[in-house]
Amino acid sequence: MTRLTSLALAAVSVLALTGATLGQDRLELKYTVPSVPTDLHTQAMKVFADKLEELSPGRYDIQLYDSGSLFAQGADLDALQRGNAEMTYVSFQLIADAIPEFGLLTAGYLFQSPEHYRAFFASDIGTEFKQRVSDEMGIQLLDTCYLGTRQVNLREAREVATPADLAGIKLRMPSSDAWLFLGQALGANPTPLPFGEVYLGLQAGTIDGQDNPLPSVEAAKFYEVTKQIVLTSHLVDGINVAVNNQTWEQLTDEEKAAMTEAAVASCDWNNTERLANEERLVSFFEEKGLTITTPDVDAFRTHVQDFYLTSDRAASWPEGWVEKINALAAE
């Protein structure tokens, strides 16, 4: 009996050690975002996790953290670079803060669709961009998820055909330099104001308008205090699925391909949902009594890109990139 007991205990010990070894083999992936659960790109994290588990069963311990519950907004990139988290979304604006010449990727009217972002990523200059980000920021960019196309939303309806028609309009913009410059490029008088104060600002007339993707206009109920949406489509916004190099370098080529495929699947889902939502919202705002107009978008695009290209900030942009990215939209 004693020998049998010893053998049983030995077997349990072996199983425990085997389990511990298997547990150690699972690579921890803490995926942290500041966005709330209802945001589509937050929900897309679950699509990523499910697809990665399907492609690489048992390989990862995937932990999803939303609402800044693990790291607050602004701290998530630092957490990746320090190795305290493995994945997050990284904006082009954050990349431009670290590598100023890539500020061109935040310019108005540069990207025209979610497909345009992917064409850029697949191009020679996209490969160069991702390599620079890896070398200087310590992260790998796997794909770009569509965040929405920003439109101009006005407190009072008016004729808007070209940027000249926005002269004198106090257009609320986020407070960073890059955003305020975009407001100027649109022909308006950009006015910094925290997002949480925009509704009251529109209601009181402190500002004449604001710019955001249509889902944000719906979510914040700006349609209650505005009368017009001008479909300028001045910024097709995207955000990048990123993993830190410490994690990436532990993967085989097959595992890297699987992780990239999972990121693309998550952005595919996000992009489909966002585009359908934006299409639905045009009718929704019309039902709410707003006037929906489309200006001379070509005139806006030409004016805005010229405004950027003749500014001091364009001096550091990689030569020829604007033209190359513009050309990718037509392919």
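In the condition set (1) of a type outside the set (S, T, Y); (2) outside any strand (DSSP E or B); (3) within 14 Å of the chain's Cα centre (by Cα); (4) at pLDDT 90 or above, L70 is compliant with all but (3). From the list E128, E115, the one residue that fits, being over 23 Å from T149 (Cα atoms), outside any loop (DSSP other than H, G, I, E, B) and either open to solvent by 10 Å² or more (accessible area, probe 1.4 Å) or touching a helix residue (DSSP H, G or I) at 6+ places or on another chain (Cβ under 7 Å) (or both), is E128.
Of all the criteria given as (1) assigned to a strand (DSSP E or B); (2) over 26 Å from N277 (Cβ atoms); (3) not charged (D, E, K, R), the one not satisfied by L141 is (2). Of the residues making up the stretch 111-129, those that are closer than 19 Å to R274 by Cα and of a type in the set (S, T, N, Q) are Q112, S113. Among the residues of the stretch 87-103, is there at least one that is in contact with a Pro (Cβ under 7 Å, 6 or more places away or on another chain), within 24 Å of L141 (Cβ to Cβ) and modelled with pLDDT under 95? Yes, the conditions are met somewhere in the stretch 87-103. Taking (1) open to solvent by less than 10 Å² (accessible area, probe 1.4 Å); (2) in contact with a Pro (Cβ under 8 Å, 6 or more places away or on another chain); (3) closer than 25 Å to E273 by Cβ in turn, F195 satisfies each apart from (1). Look at I169 and say whether it is within 22 Å of the chain's Cα centre (by Cα) and at pLDDT 95 or above. No, not satisfied. Residues being surrounded by 20 or more Cβ atoms within 10 Å (Cβ to Cβ), at pLDDT below 95 and assigned to a helix (DSSP H, G or I) are entirely absent from the stretch 252-262.
Going by the structure shown, is A204 open to solvent by 30 Å² or more (accessible area, probe 1.4 Å) and more than 30 Å from L141 (Cα to Cα)? Before you say what the answer is, go through the steps one by one.
Values: open to solvent by 30 Å² or more (accessible area, probe 1.4 Å): yes; more than 30 Å from L141 (Cα to Cα): yes.
Answer is yes for this residue.
Residues are listed down the side, and each one gets a yes or a no for (1) of a type in the set (S, T, Y); (2) modelled with pLDDT of 95 or more; (3) in a loop (DSSP other than H, G, I, E, B):
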{"position": "N153", "(1), (2), (3)": "no, yes, no"}
{"position": "E156", "(1), (2), (3)": "no, yes, yes"}
{"position": "A178", "(1), (2), (3)": "no, no, no"}
{"position": "G196", "(1), (2), (3)": "no, no, no"}
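Can you tell me which residues in the stretch 184-194 are within 23 Å of Y109 (Cβ to Cβ) and not in a strand (DSSP E or B)?
Q184, A185, L186, G187, A188
Which one is least open to solvent (accessible area, probe 1.4 Å) among residues in the stretch 158-168 that are of a type outside the set (K, R) and outside any helix (DSSP H, G or I)?
Ranking the candidates gives V160 first.
Of all residues in the stretch 40-64, those that are open to solvent by less than 30 Å² (accessible area, probe 1.4 Å) and either more than 27 Å from L214 (Cα to Cα) or assigned to a loop (DSSP other than H, G, I, E, B) (or both) total 4. Evaluation of G148 against the conditions (1) on the phi > 0 side of the Ramachandran plot; (2) modelled with pLDDT of 95 or more; (3) open to solvent by less than 10 Å² (accessible area, probe 1.4 Å) shows that the sole unmet condition is (2).
Name the residue that is nearest to L142 (Cα to Cα), counting only residues in the stretch 73-86 that are under 16 Å from the mean Cα position of the chain (by Cα) and crowded, with 19+ Cβ neighbours inside 10 Å. That would be L77. Within the stretch 283-325, which residues are touching a helix residue (DSSP H, G or I) at 6+ places or on another chain (Cβ under 8 Å), part of a helix (DSSP H, G or I) and open to solvent by 40 Å² or more (accessible area, probe 1.4 Å)? Within the stretch 283-325, F284, H303, F307, L309, R313, S316, K324 qualify.
Restricting attention to the stretch 207-243, the residues that are in a loop (DSSP other than H, G, I, E, B) and touching a residue at least 40 places away in the same chain (Cβ under 8 Å) add up to 5.
Restricting attention to the stretch 266-282, does a residue exist that is open to solvent by 50 Å² or more (accessible area, probe 1.4 Å), farther than 23 Å from L40 by Cβ and part of a helix (DSSP H, G or I)? So far as the stretch 266-282 goes, no, none of its residues is open to solvent by 50 Å² or more (accessible area, probe 1.4 Å), farther than 23 Å from L40 by Cβ and part of a helix (DSSP H, G or I).
The values are calculated or read from the model by the stated rules, or taken from the named source; none is laboratory data. What you see is a predicted model, and the numbers here were worked out from it, not measured in a lab. So basically every Cβ, Gly included, is an ideal-geometry build from the backbone, and we count neighbours across all protein chains shown. Calculation scope for accessible area: heavy atoms of the full protein, side chains included, ligands and nucleic acids excluded. Shrake-Rupley method; radii C 1.70, N 1.55, O 1.52, S 1.80 Å.
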